[in-house]
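I have placed the structure first, in the form of structure tokens, so that the comments after it can refer back to it.
The values are calculated or read from the model by the stated rules, or taken from the named source; none is laboratory data. Values in this document were obtained by computation on a predicted structure and should not be read as measured data. Cβ atoms come from the backbone with ideal geometry, glycine included; neighbour counts cover every protein chain shown. Just the protein is used for accessible areas: all its heavy atoms, side chains included, with ligands, DNA and RNA removed. Shrake-Rupley method; radii C 1.70, N 1.55, O 1.52, S 1.80 Å.
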Amino acid sequence: IFFFFFFQAEDGIRDAQESRGLGDVYKRQVSTQSTGARLTTMEASDSDDDEMLDISVPEVLAKYRLAAEIANRTMNTIIADCQPGVSIVELCDKADALVTEECSKVHAKGKAKVDPKAKGVAFPMCISVNHVVGHNSPNADEQQQLEDGDLVKLDLGVHIDGYIAVVANSVVVNPSNEPVTGRKADVLMAVSVAAEAALAAIKPGTTNQAITDIFEKTANAYNVNMVEGVLSHQMKRHVIDGNKVILSKETPDQKVEEEEFEELEVWAIDIIMSTGEGKPREIDELKTTIYKHQVDQNYSLKMKASREVFSQVTTDHPTLPFTLRQYSDNHSRVLLGMKECLNHDMFTAYPVLEERPDDLVAHAKFTVLVTEEGTQRITGGRLPHLVQPETQCEDEDLMATFNAAVEKAAKKAAKKKKK
């Protein structure tokens, strides 16, 4: 289902554009036919050389792990900063700056040197509050601040030499450390339980449908809904949203081909749940700031401003998402140039999607390596803190897996404390 919004040319980047759901954002890989056929798009790393550079190569594995370390460290810093009165846009800027700074310190010299433009932000920090589903990386003049009790989704990505690690966590602004209860606690528990169950299930031979079933079973257990259209992606070098996917929730008009996990794959597992219907909409097109170059699209741009913007942006971000806030010093000209680019599908937009104002949305995302030694999660894994759900999960298998993760985390914390 698409919702149409029409704007005058001076009111936004596009004159008239379909409001795009998450399924369209992720390279429109969710089929609109019940056949389950998937659209094929060109990937930036489909050469034979890149196919050989998988995680069996020690240097490649090290770059994934390094990107993950920076992603986790940045995430933890921003989580600590999520306090009442803090500006959302300032937190986003801080996170992106931290990633850029940390990446500048690694692979900076010698034979292992990586060009400064070939490492850094793989997905700009997004901070989406309460009913806002995701992709909220505000314009520079945005005044919104965090408030006590806000349910905050934090989402970012890092790459080293094109090898990407992504992570998303959900936290509650809770300076008094009071227990989180009610439906807010339900949705927080649901995404965490689903994440642990999915991680436990991922291994060579497991199907994407099996993971979709886990998501749906967990959502039902906590009386919440999976957000429709969300895709988990296999990632490759320079490719944050590969063609192999897991659908969060199957519907009559949203299906994907069945796939199996294979050794040496890297995946971003993306889980978003809502206390509402799980059918978000783009309410305000002007909130969209994140875009990605569509490498399979070609068009001879007519306007000088468009050519200048396209050249600058694709030089800075040839394949990975970016935020227009990076170009706020020349904002009006960038908007003018982006308009023609978007009208001819030169960039994909990541719209800010929202549920109803009274709904609550939680998000977990983590990066996994399917290695010869087993599946390894290298980002995420944050467990709920002071959460007391009103809905108790009755599924013994789900709770056994989750409780095992809690016990493992407790042992790790105790061992670290001893040191």
Next on the checklist: I'd like the trypsin sites (Lys or Arg not before Pro) in region 54-139 restricted to DSSP loop residues with at most 14 other Cβ atoms within 10 Å, sorted by number.
Outcome noted: LYS105, LYS109, LYS111, LYS113
Item to check | Kirkwood-based shape ratio for region 258-364, expressed as Rg/Rh from alpha carbons | outcome: 1.06
Next on the checklist: Tell me which GluC sites (Glu not before Pro) from region 127-205 have a DSSP coil assignment and no more than 15 other beta carbons within 10 Å of their own.
Outcome noted: GLU147
Checklist entry - Relative contact order for the chain: what is it in percent, counting Cα pairs under 8 Å that are at least 6 residues apart? => result 23 percent
Checklist entry - Counting only the heavy atoms of the protein chains, how much of CYS341 is accessible to a 1.4 Å probe, in Å² to the nearest 10? => result 0 Å²
Checklist entry - Based on the Kirkwood radius over alpha-carbon pairs, what is the Stokes-Einstein translational diffusion coefficient of region 328-401 at 20 °C with 1.002 mPa s viscosity, in µm²/s? => result 118 µm²/s
Item to check | Label-point gap, in nm, between GLU90 and LEU335 - each point 7 angstrom along Cα→Cβ | outcome: 2.4 nm
Checklist entry - If eta is 1.567 mPa s and T is 4 °C, what Stokes-Einstein diffusion coefficient results for region 86-223, Kirkwood Rh from Cα pairs, in µm²/s? => result 74 µm²/s
Checklist outcome for this item: Among ILE127, GLN254, MET226, the residue whose Cα sits farthest towards the positive end of the charge dipole of the chain, when +1 is placed on the Cβ of each Lys and Arg and -1 on the Cβ of each Asp and Glu, is ILE127
